[in-house]
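Novice: Sharing a structure here in structure tokens format.
The values are calculated or read from the model by the stated rules, or taken from the named source; none is laboratory data. In this text, all values refer to a predicted model and were calculated from it rather than measured experimentally. Don't worry about glycine lacking a Cβ; one is built from the backbone with ideal geometry, like all the others, and counts go over all protein chains shown. The accessibility values were calculated without ligands, DNA or RNA, using every heavy atom of the protein model including side chains. Shrake-Rupley method; radii C 1.70, N 1.55, O 1.52, S 1.80 Å.
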Amino acid sequence: MAVACSDDPTDSMDSGTSDTDSDSDSDTDSDTDSDTDSDTDSDTDADVDDCEGGRYDQSTGLCWQHPKASETYEWQEAIDYCEGLDLAGHTDWYLPSRDSLVGLMDNCDSDVMIGEYGYCDSCEDSGTCSAMFGSDSDWCWSSSPYFSERAWYVHFGNGRVDYYGMLNYGNARCVRTGSKPSP
């Protein structure tokens, strides 16, 4: 069963979207500033292009679903969702492994690199992840189980790589082997 909200394993995460408007005058503020932030389309830090159904990482040859699934899933449901996904005419999607998700992140600590839990830079601060998904702050299931009732996830907001109970609801971002988009 899919639900529209996530039981985030990092309850203390701050969304980082506070308003810091320091307009102290007494006139009516029409607030006409425009957002020129292009963090979701910036290809300056990594070799990333669009692909059919998502964003293509040239360094791995993978096409990552973008945007991610709009609902959240228990771990097995996330696997089933990806395996049943028909997006942009492709049906070869799958839930990525822990290592594939970690590969999107920069500056992972040594524990993460040897297969343990730990931290990497957030998606926003990681070149490839930021170029593909901007400042995505959700956590996503991996296809990699951790013992019998847990599975690995990567939290894009704080860079946490950890395991969580398979019956909890989390996000799914599917992946497939892609081909370099035509110019």
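Novice: Out of curiosity, is residue 133 open to solvent by less than 40 Å² (accessible area, probe 1.4 Å), over 13 Å from residue 98 (Cβ atoms) and out of contact with any helix residue (DSSP H, G or I) (no Cβ under 6 Å at 6 or more places or on another chain)? First the steps, then the outcome.
Specialist: Numbers: open to solvent by less than 40 Å² (accessible area, probe 1.4 Å): yes; over 13 Å from residue 98 (Cβ atoms): yes; out of contact with any helix residue (DSSP H, G or I) (no Cβ under 6 Å at 6 or more places or on another chain): yes.
Spelling it out, residue 133 is indeed open to solvent by less than 40 Å² (accessible area, probe 1.4 Å), over 13 Å from residue 98 (Cβ atoms) and out of contact with any helix residue (DSSP H, G or I) (no Cβ under 6 Å at 6 or more places or on another chain).
Novice: Residues being over 14 Å from the mean Cα position of the chain (by Cα) and within 15 Å of residue 65 (Cα to Cα): count how many of those fall in segment 117-142.
Specialist: First pass over segment 117-142, keeping only residues over 14 Å from the mean Cα position of the chain (by Cα): 117-119.
Going one step further and asking which of them are within 15 Å of residue 65 (Cα to Cα), we end up with none.
Of the residues in segment 117-142, 0 are over 14 Å from the mean Cα position of the chain (by Cα) and within 15 Å of residue 65 (Cα to Cα).
Novice: Next question, about the same structure. If you take the residues of segment 143-154 that are of a type in the set (Ser, Thr, Tyr) and surrounded by fewer than 24 Cβ atoms within 10 Å (Cβ to Cβ), which of them is modelled with the lowest pLDDT? Reasoning before the result, please.
Specialist: Looking only at segment 143-154, we keep the residues that are of a type in the set (Ser, Thr, Tyr), and these are 143-144, 146, 148, 153.
Those still in the list that are surrounded by fewer than 24 Cβ atoms within 10 Å (Cβ to Cβ) too: 143-144, 146, 148.
On the way: 143: 98, 144: 98, 146: 97, 148: 90.
Per the stated criteria, the residue is 148.
Novice: Select from segment 84-115 the residues that are of a type in the set (A, V, I, L, M), without any contact (Cβ under 8 Å) to a residue 24 or more places away in the chain and part of a loop (DSSP other than H, G, I, E, B) and list them in ascending order. If you could, list the steps in order and put the result at the bottom.
Specialist: Going residue by residue through segment 84-115, those that are of a type in the set (A, V, I, L, M) are 85, 87-88, 95, 101-102, 104-105, 112-114.
Remaining after also requiring without any contact (Cβ under 8 Å) to a residue 24 or more places away in the chain: 113-114.
The answer is 114, and nothing else.
Novice: Only one residue in 143, 122, 148 is polar (S, T, N, Q) and within 18 Å of residue 108 (Cα to Cα), so which one is that?
Specialist: Details: 143 fails: within 18 Å of residue 108 (Cα to Cα); 148 fails: within 18 Å of residue 108 (Cα to Cα).
It is 122.
Novice: State all residues of segment 94-130 that are open to solvent by 30 Å² or more (accessible area, probe 1.4 Å), within 15 Å of residue 144 (Cβ to Cβ) and charged (D, E, K, R); if no residue qualifies, say none.
Specialist: Across segment 94-130, the qualifying residues are 99, 116.
Novice: Continuing with the same structure: With respect to residue 142, determine if the residue is in a strand (DSSP E or B) and over 18 Å from residue 49 (Cβ atoms).
Specialist: Values: in a strand (DSSP E or B): yes; over 18 Å from residue 49 (Cβ atoms): yes.
It is true that residue 142 is in a strand (DSSP E or B) and over 18 Å from residue 49 (Cβ atoms).
Novice: Could you please give the count of residues in segment 155-180 that are open to solvent by less than 10 Å² (accessible area, probe 1.4 Å) and outside any strand (DSSP E or B)?
Specialist: 5
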